[in-house]
Amino acid sequence: MATFLVKFEPSNVELPCDGDVTLLETALAAGYFPKHSCRRGECRSCETRIVSGEVRYEGGRAPDGLMADHCLTCLAIPTSDVVLDAPEVSNVPGRRLVKAGARVTSVDRISDDVAVVRIQIPAGSGFDFDPGQYLDVLLRDGTRRSYSMANAPAIDGHVEWHIRAIPDGRFSQHVYQQLKPRDLLRIEGPFGSFNLRDSAAPIIFLASGTGYAPIASMMRAHADKIARRSATFYWGGRREQDLYATEEAVAWASSTDGLRFVPVLSDPCEGWRGRTGFVHEAVQQDHPDLSRFEVYACGNPLMIDAARAIFREECELKEASFFSDSFVTAVTQ
């Protein structure tokens, strides 16, 4: 099998890529993190411009709706040397990927559709992560489910996930209804480049639903640093019970003048006294000029796409100052 070179610009990272391995798999295996989410070609988060070179897809047909000169790196396999426009790829590799068995230590069903799951990865596995990253659960049929860590990194391999039960979701419904302590899960990771940048810019955290988890990880690990920069956390849901960790978020905001918490509901019950509407619109109302800010957004892909577009086009946010991770809420979750 031929081997080709894949190059990520502008970082100038160059990696050998076998002619039967996807561009994304090649990067992740080497510790680099191009933008991506589902790794199945469904969310299109990994759509990337090809500067030069050719790729192919299993079945011989490119996915529908691709922009000209773009590819989905999670599906694209090189047929020549390839250069990609991927400004999110750092020139320094990240954490080493670990594949291991993990033991479930607790399952707390804290609302009618969210479970807090804690697992233990063997301490000798070498697993570690940066706040904001996620793990994949490897299912028996070869598919994956991705969940962000909500805890601060722990040397003992402890991990906390927040998992929402998706209607008819094969794995998430199993988690909510049947998963129990001592069950064994096969995991791989860490993945993702959704982490706090070394900057002095004030911060907007923006989350919907269980997009709270990676922001919680950042807060638990970097609370003092975040407070010094000044941060506002906007958390959106449809109903009040969707904001399942409000007490923790309020406690953070109460601990220092450098943190503010703004809950937002799109379909509140009678008696709700907080903000209403879409969560990204609340940010826009409060901050019509985001030119000085960094925005960290996680949750529903539609919310993230809308926030990115509005903040750039109407609030003067720099493209390089918007950082995101998205959850794919397919019925197969």
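The values are calculated or read from the model by the stated rules, or taken from the named source; none is laboratory data. Since the structure is predicted, the reported quantities are computational estimates derived from the model, not experimental observations. Cβ coordinates were reconstructed from backbone atoms using ideal geometry, including for glycine residues, and neighbour counts include every protein chain displayed.
Under the condition of being within 17 Å of TYR147 (Cβ to Cβ) and surrounded by fewer than 24 Cβ atoms within 10 Å (Cβ to Cβ), which residue from region 193-208 is modelled with the lowest pLDDT?
Pass one, region 193-208, residues within 17 Å of TYR147 (Cβ to Cβ): 193-195, 207-208.
From what is left, the residues that are surrounded by fewer than 24 Cβ atoms within 10 Å (Cβ to Cβ) are 193, 195.
Numbers: SER193: 78, ASN195: 89.
Top of the filtered list is SER193.
Based on this model, can you work out whether LEU184 counts as among the aliphatic types (A, V, I, L, M), over 28 Å from GLY157 (Cα atoms), in contact with a Gly (Cβ under 7 Å, 6 or more places away or on another chain) and modelled with pLDDT of 95 or more? So that I can check it myself, show each step before the final result.
Numbers: among the aliphatic types (A, V, I, L, M): yes; over 28 Å from GLY157 (Cα atoms): no; in contact with a Gly (Cβ under 7 Å, 6 or more places away or on another chain): yes; modelled with pLDDT of 95 or more: yes.
Criteria not met by LEU184.
Given PRO63, PRO34, which one is under 27 Å from ASP305 (Cα atoms) and under 17 Å from the mean Cα position of the chain (by Cα)? It would help to see each step written out before you state the result.
Details: PRO63 fails: under 17 Å from the mean Cα position of the chain (by Cα).
PRO34 is the lone residue from the list that is under 27 Å from ASP305 (Cα atoms) and under 17 Å from the mean Cα position of the chain (by Cα).
Can you pull out every residue in region 40-64 that is free of Cβ contacts under 8 Å to residues at least 12 places away in the same chain and under 22 Å from LEU302 (Cα atoms)?
So the first thing to find is which residues in region 40-64 are free of Cβ contacts under 8 Å to residues at least 12 places away in the same chain, and the list is 59-62, 64.
Matches in region 40-64: ASP64 only.
Which residues, counting only those in region 189-216, are under 23 Å from GLY31 (Cβ atoms) and in contact with a Cys (Cβ under 6 Å, 6 or more places away or on another chain)?
Keep residues of region 189-216 that are under 23 Å from GLY31 (Cβ atoms), which gives 189-199, 213-214.
The answer is PRO214, and nothing else.
Is there any pair linking a residue in region 23-39 that is over 16 Å from VAL98 (Cβ atoms) and assigned by TED's automatic domain parsing to the domain that holds THR73 to one that is modelled with pLDDT of 90 or more and in a helix (DSSP H, G or I), with Cβ under 7 Å and at least six apart or on different chains, and which?
So the pair list comes out as PRO34/LEU24; PRO34/ALA27; HIS36/LEU24; ARG39/LEU24.
Only one of ALA102, ALA76 is at pLDDT 95 or above, of a type outside the set (Asp, Glu), buried (at least 16 other Cβ atoms within 10 Å of the Cβ) and assigned by TED's automatic domain parsing to the domain that holds LEU138; which? Steps first, please.
On the way: ALA76 fails: assigned by TED's automatic domain parsing to the domain that holds LEU138.
Selected residue: ALA102, the only one of ALA102, ALA76 that is at pLDDT 95 or above, of a type outside the set (Asp, Glu), buried (at least 16 other Cβ atoms within 10 Å of the Cβ) and assigned by TED's automatic domain parsing to the domain that holds LEU138.
Based on this model, can you work out whether GLU188 counts as acidic (Asp, Glu) and over 24 Å from SER90 (Cα atoms)?
On the way: acidic (Asp, Glu): yes; over 24 Å from SER90 (Cα atoms): no.
No: the conditions fail for GLU188.
With the condition being aliphatic (A, V, I, L, M) and within 20 Å of VAL283 (Cα to Cα), I'd like the strands (runs of 3 or more DSSP E) fully within region 172-240 carrying at least 2 qualifying residues. Break it down into steps so the answer makes sense when it comes.
On the way: elements: 184-191, 203-208, 231-237.
Strands (runs of 3 or more DSSP E) meeting the threshold: 203-208.
Those residues that are touching a residue at least 60 places away in the same chain (Cβ under 8 Å) and either in the same structural domain as SER146 (by TED's automatic domain parsing) or surrounded by fewer than 17 Cβ atoms within 10 Å (Cβ to Cβ) (or both), I need them from region 285-313; list them, please.
ARG292
Would it be correct to say that ASP69 is out of contact with any helix residue (DSSP H, G or I) (no Cβ under 7 Å at 6 or more places or on another chain), among the acidic types (Asp, Glu) and closer than 25 Å to VAL21 by Cα?
On the way: out of contact with any helix residue (DSSP H, G or I) (no Cβ under 7 Å at 6 or more places or on another chain): yes; among the acidic types (Asp, Glu): yes; closer than 25 Å to VAL21 by Cα: yes.
When the stated conditions are applied, ASP69 passes them.
Do we find a residue being of a type in the set (S, T, N, Q) and part of a loop (DSSP other than H, G, I, E, B) anywhere in region 55-78?
Restricting attention to region 55-78, the residues satisfying the condition of being of a type in the set (S, T, N, Q) are 73.
Of the ones still in play, those that are also part of a loop (DSSP other than H, G, I, E, B) are 73.
Yes, region 55-78 has at least one match.
For region 148-165, which positions are part of a loop (DSSP other than H, G, I, E, B) and either crowded, with 20+ Cβ neighbours inside 10 Å or over 17 Å from the mean Cα position of the chain (by Cα) (or both)? Don't jump to the end; show me each part of the working.
Here is the first cut: in region 148-165, the ones part of a loop (DSSP other than H, G, I, E, B) are 149-157, 165.
The answer is MET149, ALA150, ALA154, ILE155, ASP156, GLY157, ALA165.
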